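One structure is given here, and the rest of the page talks about it.
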Amino acid sequence: MADQVVFYIFAALILGFAVLVITAKSTVHSVLYLVADFLCVAALYVVLQAQFLAVIQVMVYAGGIVVLYLFVVMLVNLKRPPEAHSDPHRLGKLGLVMGLAVFVELGAIGAYGWLKPSGVGGTLEANNIEQVGRALYTDYFVPFEVASVLLLVAMIGAIVLAKREQ
C-alpha cells in the first residue's frame, strides 16, 4: 500500500513538472523543470525496483541531455522578444488528429495492461541488470538497432543542415 502511495506521488510530480516545462516563460526555468522531471522519473524507477534504469536515467538524461539543452538555450539569443506564431502553413487540424491518435494508443496500452492475463509479464528478480541486458539483446534487438539507426540518421541530418547554413 505504501509503495502505491509513493508511486502516485511521484507520478503526480512527474506530470506537474511536465506541465511546468511547457508553460514556463523562461527557457532556463523550463530546462530546470525538465531536470526535476527526469529526477522524479529516476525516483519512480527506484520505487519500481529498477535501480539500473534509475542510474541510467540520471546519468544519460538528467546529466547529458540537459547539458545539451542548456548549451542550445545559451547559444540562442534570449534578449529577443518572443515571436507571434502566425504561420499560415501551420497544420493545426493535423496536429489535433495526431494528438488524438496518441491518446487512443495510450488508451489501448492501458486497456491491454488492465485486461491482460495474469501469467503475462512475469516478476522482477534481484538481478534486473542481467534481465535488461538479456531482453535488450534477444527480444528487443531489432527495435534497439532501429533506434540506433534513427539516431544516426538524425545526427547526419543535423550535420548536413548545419553545413548548409554556413
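The values are calculated or read from the model by the stated rules, or taken from the named source; none is laboratory data. Treat the numbers as computed from the prediction; the structure is a model and nothing was measured. Please note: Cβ atoms are built from the backbone with ideal geometry, for glycine as well, and neighbour counts cover all protein chains shown.
Going by the conditions given, is Glu105 exposed (fewer than 10 other Cβ atoms within 10 Å of the Cβ) and either modelled with pLDDT under 75 or under 18 Å from the mean Cα position of the chain (by Cα) (or both)?
no
Filter segment 77-102 down to the residues that are part of a loop (DSSP other than H, G, I, E, B) and surrounded by 10 or more Cβ atoms within 10 Å (Cβ to Cβ), then identify the one that is modelled with the lowest pLDDT.
Among residues in segment 77-102 that are part of a loop (DSSP other than H, G, I, E, B) and surrounded by 10 or more Cβ atoms within 10 Å (Cβ to Cβ), the one modelled with the lowest pLDDT is Leu78.
Of the numbered conditions (1) crowded, with 17+ Cβ neighbours inside 10 Å; (2) of a type in the set (Ser, Thr, Tyr); (3) over 13 Å from the mean Cα position of the chain (by Cα), Thr27 satisfies every one except a single condition; which is it?
Unmet condition: (1).
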